[in-house]
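Before anything else, here's the structure in question.
The values are calculated or read from the model by the stated rules, or taken from the named source; none is laboratory data. The structure presented is a predicted model; accordingly, all values stated were derived computationally and were not measured. Cβ placement follows ideal geometry from the backbone for every residue including glycine, while neighbour counts extend to all protein chains displayed.
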Amino acid sequence: MKNLILGIMLSMALIGCTDKKDTTANPTPEKRSAADISAGKAIVERDCKGCHGLDGRGIAPAIPHLAAQRERYMLASIKEYKEGKRTHAALRDMMGNMSEADMRSAVAYYASLPPVVNASAKDVQLSSLYQEGKALAAACTKCHGEDGNSRIPGTPSLAGQQLHYLVAAIQEYHQGERKVAAMKSMMRGSNTPELEKLALYFVSQTPAQRSAPSFGDPVAGEPATAMCGGCHGSNGVSTDSATPSLAGQDPQYLVNAIRAYRKTRQNWGMQRYVAGLGDKDIENIAAFYAIQKSKAAGEAPSSAKELAEKCNRCHDVDDNPAMAAPKMNGQDKDYLIMALRAYRDGKRESSMMHNMSFTYSNAIIESISSWYAGQPAR
Ligand code: HEC
Ligand code: HEC
Ligand code: HEC
Ligand code: HEC
């Protein structure tokens, strides 16, 4: 079947070749000829076989399989090695010494191969991560509410808040950048993975709807928020992981927070937007945001399979014009683990993948990597 499709693609490529304009200088992956592929095979035998095999199967753990991998992704990776965006000294040197044409042929050859055959894996439950976060959250719920919805004026809700913001905010108390006695002592002694699990738990809680506060006028507040929405989202529901949602927040906390930016809380971006607000404006804005309906910024996946469904929105799409994401089904497990850790720890450049993985413990990385390694490659 694969060969049949390939045959059809090749004949289409040959038809494409009658248009001489762009095929010579910069052929797109679709316009591969059989000659390219057999030239590629010779290059692979000479330069790549020792590690990636002639059949595209990595010969040892942590060497990626390349068989049937997307051509565009492989070319993008090679460019990243050359430019040092992906760090691997040996590959950088080797890729740097090869001609562009040879590289394209080698990659075309690997892309044309049938996928590797691999053993299948069972699904793994991930709920323990969230259970751990929930257990840690017990230290916070007295003030922030059982489900992260605070009912104490001046104490913020954490339910449904944006993940990166929440982690950063917790760290600010931790490091004493935000000085609140109660919060500082709460945070002492916790380490980063614990903070991240905690944050993950709160992020997945559902924010409650609030009734109108005893102060401020929400109707008067709304027009005053015109310039806030660009960052904080429509009606205060943020869609950016580093910018907090304001919708459904405790109104007294909102007032305190806005005032704090004018004095103690250092944030260049926020200061300039709130510096000109009078006390009445601040109360009105707080009243407006407090009664808006918010939603959870994240949901807790219960199993590796469920998590993979999210990853597959990018990874399981062929010919995505917006990005070159690799196929992962059947990929080498150790290689996936290594790649995910590199993204998480900021050692492999991709802000998209870093944002995705920065809260992942080693356990979650191993689970999702096992899951992918055990899926039939295609
Ligand atoms: C000495 C062993 C070795 C040789 C020879 C080698 N590679 Fe690799 N290759 C690796 C390793 C190890 C990685 C993973 C490195 C990393 O962590 O980024 C890799 C990664 C890649 C990737 C990125 C795959 C992905 O899923 O991100 C591509 C594409 C690739 N190699 C192509 C080639 C080609 C084409 C050749 C021959 C011209 C070649 N390699 C030769 C060891 C090798
Ligand atoms: C004794 C009550 C109390 C306890 C217990 C407590 N907090 Fe707080 N927390 C507060 C108060 C009050 C504020 C608002 C401080 C301010 O105005 O900066 C706050 C603020 C925060 C913020 C900032 C929210 C934002 O929108 O910027 C975060 C995050 C937070 N707490 C997390 C936690 C976590 C996690 C725990 C448990 C480990 C915890 N807190 C335990 C009282 C408490
Ligand atoms: C340019 C983007 C931007 C604009 C415009 C903006 N904000 Fe913010 N706001 C942020 C960011 C980013 C943070 C988090 C900063 C930090 O870590 O202290 C924040 C934090 C806040 C907080 C603290 C929330 C909390 O949970 O502690 C409040 C309250 C707030 N903004 C209100 C407003 C209001 C009201 C306006 C409009 C008058 C506004 N912001 C305009 C980006 C913006
Ligand atoms: C929004 C799109 C998107 C989503 C969602 C996404 N990824 Fe990615 N992923 C990418 C892109 C693009 C790359 C290539 C980045 C690069 O060049 O390093 C990538 C690369 C990777 C790699 C490197 C693989 C290799 O062959 O080198 C791994 C591993 C990975 N992603 C795992 C995951 C996991 C696990 C999830 C789900 C938790 C996920 N990704 C969700 C877009 C996405």
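Of all residues in the stretch 300-326, count the ones that are farther than 19 Å from Ala363 by Cβ and under 16 Å from the mean Cα position of the chain (by Cα).
The number of residues fulfilling the criteria is 11.
Would you confirm, using the coordinates I've provided, whether Val255 is near ligand 3 (Cβ under 8 Å from one of its atoms) and among the β-branched types (Val, Ile, Thr)?
no
Here is a follow-up. Would you mention how many residues in the stretch 41-78 are under 22 Å from Asn320 (Cβ atoms), within 26 Å of the chain's Cα centre (by Cα) and assigned to a loop (DSSP other than H, G, I, E, B)?
Matching residues across the stretch 41-78 total 7.
Could I ask something else about it? With respect to Tyr81, determine if the residue is outside any loop (DSSP other than H, G, I, E, B) and at pLDDT below 95.
yes
Next question, about the same structure. List the number of the failed condition for Tyr335; all other conditions in (1) in contact (Cβ under 8 Å) with a residue 24 or more places away in the chain; (2) in a loop (DSSP other than H, G, I, E, B); (3) among the hydroxyl-bearing types (Ser, Thr, Tyr) hold.
Going through (1) in contact (Cβ under 8 Å) with a residue 24 or more places away in the chain; (2) in a loop (DSSP other than H, G, I, E, B); (3) among the hydroxyl-bearing types (Ser, Thr, Tyr) one by one, Tyr335 breaks only (2).
What single numbered condition from (1) assigned to a loop (DSSP other than H, G, I, E, B); (2) under 27 Å from the mean Cα position of the chain (by Cα) fails to hold for Ser150?
(2) is the only condition that Ser150 fails.
Given the options Thr24, Thr87, name the one that is modelled with pLDDT under 90, over 28 Å from Ala308 (Cβ atoms) and either buried (at least 20 other Cβ atoms within 10 Å of the Cβ) or not small (Gly, Ala, Ser) (or both).
Result: Thr24 is the single residue among Thr24, Thr87 that is modelled with pLDDT under 90, over 28 Å from Ala308 (Cβ atoms) and either buried (at least 20 other Cβ atoms within 10 Å of the Cβ) or not small (Gly, Ala, Ser) (or both).
Do the conditions hold for Ala300, that is, is it assigned to a helix (DSSP H, G or I) and either within 15 Å of ligand 4 (Cβ to nearest atom) or not aromatic (Phe, Trp, Tyr) (or both)?
For Ala300, the condition - assigned to a helix (DSSP H, G or I) and either within 15 Å of ligand 4 (Cβ to nearest atom) or not aromatic (Phe, Trp, Tyr) (or both) - is not met.
Please find, among Ala208, Ala159, Ala119, the residue that is at pLDDT below 90 and not in a helix (DSSP H, G or I).
Ala119
Working only within the stretch 338-363, note down all residues that are among the basic types (Lys, Arg) and assigned to a helix (DSSP H, G or I).
Arg341, Arg344
Considering each of Met270, Met227 in turn, give the residue that is modelled with pLDDT under 95, outside any helix (DSSP H, G or I) and not small (Gly, Ala, Ser).
Met227
Okay, moving on. Would it be correct to say that Val237 is more than 13 Å from ligand 2 (Cβ to nearest atom), of a type outside the set (Gly, Ala, Ser), over 30 Å from His52 (Cβ atoms) and without any contact (Cβ under 8 Å) to a residue 60 or more places away in the chain?
For Val237, the condition - more than 13 Å from ligand 2 (Cβ to nearest atom), of a type outside the set (Gly, Ala, Ser), over 30 Å from His52 (Cβ atoms) and without any contact (Cβ under 8 Å) to a residue 60 or more places away in the chain - is met.
If you check Ala363 against the conditions, is it in contact with a strand residue (DSSP E or B) (Cβ under 6 Å, 6 or more places away or on another chain) and among the aliphatic types (A, V, I, L, M)?
No; evaluated as a whole, the condition is false for this residue.
Going by what's in this entry, would Thr239 be described as within 16 Å of ligand 4 (Cβ to nearest atom), part of a loop (DSSP other than H, G, I, E, B), in the same structural domain as Lys142 (by TED's automatic domain parsing) and farther than 26 Å from Gly176 by Cα?
Taking the combined requirement at face value, the residue satisfies it.
Sort out which residues of the stretch 341-378 are of a type in the set (Phe, Trp, Tyr) and either over 17 Å from Leu163 (Cβ atoms) or surrounded by 19 or more Cβ atoms within 10 Å (Cβ to Cβ) (or both), and write them in order of number.
Hits for the stretch 341-378 are Tyr343, Tyr360, Trp371, Tyr372.
Taking the stretch 261-281 as the search range and keeping residues that are within 8 Å of ligand 3 (Cβ to nearest atom) and without any contact (Cβ under 8 Å) to a residue 40 or more places away in the chain, which one is surrounded by the fewest Cβ atoms within 10 Å (Cβ to Cβ)?
Gly269
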